[in-house]
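For reference, the structure is listed below as structure tokens.
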Amino acid sequence: MSFLKRLYFFLFGLSIGIMILIFVINKKDTRFNYTPNKRVLNDIYKKNWVFSNQNNAFSKDKFLSEFDVNFSKSNTKIDTCKVYYIESKKLEFSVQNCEKNAFFILNK
């Protein structure tokens with residue numbers, strides 16, 4: 001079998017495999033979180049959210065893309081509920097990340 005035929009079969013199988021992989025990943029709503037910032041935000045995203053003031057509620061959809069964790073202000077040494085400072089261009093708040101709940105406190 002010539003090299004071009006082998007390359008054709010390889011690329012054909014690779015394209016089918018990529019299409020199947022994309023289909024499976026979209027069905028499972030999988031996120032690839034490799035940075036510490038994204039891991040913390042994804043962990044908070046999965047928990048029940050409790051706000052100190054109900055007027056400060058915001059969309060969960062934009063949470064993962066628009067906010068960043070400030071690790072220099074955060075207190076991650078605590079065993080029970082770690083405190084993270086989360087910032088965006090408009091908001092800055094602290095989150096107590098407990099086992100089942102995430103408590104949001106708006107910083108002024």
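Whether a residue is closer than 30 Å to L21 by Cβ and either in the same structural domain as L21 (by TED's automatic domain parsing) or at pLDDT 85 or above (or both) was assessed, and I86 does not pass this test.
Number of residues in region 25-56 that are exposed (fewer than 10 other Cβ atoms within 10 Å of the Cβ) and among the hydrophobic types (A, V, I, L, M, F, W, C): the value is 1. Screening region 64-93 for residues that are of a type in the set (S, T, Y) and within 17 Å of the chain's Cα centre (by Cα) and picking the one that is surrounded by the fewest Cβ atoms within 10 Å (Cβ to Cβ) gives S65. Restricting attention to region 72-108, the residues being within 16 Å of N37 (Cβ to Cβ), of a type in the set (A, V, I, L, M, F, W, C) and touching a Cys at 6+ places or on another chain (Cβ under 8 Å) number 0.
Listed by first and then second residue, the pairs linking a residue in region 58-85 that is farther than 14 Å from Q96 by Cα to a residue that is part of a loop (DSSP other than H, G, I, E, B) and at pLDDT 80 or above, with Cβ atoms under 6 Å apart and 6 or more places separating them unless they lie on different chains, are E66/S88; F67/S88.
Could you list all residues from region 21-46 that are free of Cβ contacts under 8 Å to residues at least 24 places away in the same chain and of a type in the set (D, E)? Selection gives D29 alone.
The values are calculated or read from the model by the stated rules, or taken from the named source; none is laboratory data. If you're wondering where the values come from, they're calculated on a predicted model, not measured in any experiment. Cβ sites come from the backbone with ideal geometry, for glycine too, and all protein chains shown count toward neighbours.
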